[in-house]
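The values are calculated or read from the model by the stated rules, or taken from the named source; none is laboratory data. All figures in this text were calculated on a predicted structure; none of them were measured in a lab. Every residue, glycine among them, receives a Cβ derived from its backbone with ideal geometry; neighbour counts consider all protein chains shown.
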Amino acid sequence: MHQLPEFRLPVTYRPEVARELLRHGVSARADVQPRVAYRFLRALMTFEIRDRKARRRELERFLGPQPLADYARQIEELRANYSLLRVPLGDWISPLP
């Protein structure tokens, strides 16, 4: 995994970032490094992708090969749902006054 920057605590998350994190069950506290929240969010997305893959394999076990279109659409929806992961960590926090 690539190196993520560390920020001086306490940090103030931008309101839109805090809302997005909360939507995924992550509280944007001032004493939490953004890299920790990022890693949690990435792990959550990875878990959901693996779950979709497992469900697809299970379905194929019973019904045979399935078209990839539906699976690909689900993965794209998941990636869109975790769009915060594409935002640089420096943009997650408000600049210091």
Q.
So for the range 44-57 (the condition being more than 19 Å from the chain's Cα centre (by Cα) and surrounded by 14 or more Cβ atoms within 10 Å (Cβ to Cβ)), does at least one residue qualify?
A. yes
Q) Yes or no: residue 62 of a type in the set (Phe, Trp, Tyr), loosely packed, with under 12 Cβ neighbours inside 10 Å, out of contact with any Phe, Trp or Tyr (no Cβ under 6 Å at 6 or more places or on another chain) and over 28 Å from residue 4 (Cα atoms)? A) yes
Q | Close pairs (6 angstrom Cβ cut-off, 6 or more residues apart or separate chains): more than 12 Å from residue 37 (Cα to Cα) in the range 1-24, hydroxyl-bearing (Ser, Thr, Tyr) and surrounded by 10 or more Cβ atoms within 10 Å (Cβ to Cβ) anywhere | A | 12/94; 14/94
(Q) I need a count of the residues in the range 69-83 that are surrounded by 10 or more Cβ atoms within 10 Å (Cβ to Cβ) and over 12 Å from residue 52 (Cα atoms). (A) 3
Q: Report, ordered by the first and then the second residue, all pairs with beta carbons closer than 6 Å, sequence separation of six or more or different chains, a first member in the range 58-77 that is more than 21 Å from residue 46 (Cα to Cα), and a second member that is of a type in the set (Asp, Glu) and surrounded by 11 or more Cβ atoms within 10 Å (Cβ to Cβ).
A: 66/60
Q. Just wondering, is there one or more residues in the range 23-42 that are aromatic (Phe, Trp, Tyr), under 14 Å from the mean Cα position of the chain (by Cα) and exposed (fewer than 14 other Cβ atoms within 10 Å of the Cβ)?
A. no
Q) Does the range 29-51 contain at least one residue that is of a type in the set (A, V, I, L, M, F, W, C) and in contact (Cβ under 8 Å) with a residue 60 or more places away in the chain? A) no
Q: Report, by residue number, each residue of the range 55-97 that is closer than 18 Å to residue 16 by Cβ and in a helix (DSSP H, G or I).
A: 80, 81, 83, 84, 85, 86, 89, 90, 91
Q | Qualifying residues in the range 3-22 (those that are of a type in the set (Lys, Arg) and modelled with pLDDT of 95 or more) - the one surrounded by the most Cβ atoms within 10 Å (Cβ to Cβ) | A | 14
Q.
For the condition in a helix (DSSP H, G or I), within 25 Å of residue 77 (Cβ to Cβ) and touching a Phe, Trp or Tyr at 6+ places or on another chain (Cβ under 8 Å), what is the one hit in 39, 52, 19?
A. 52
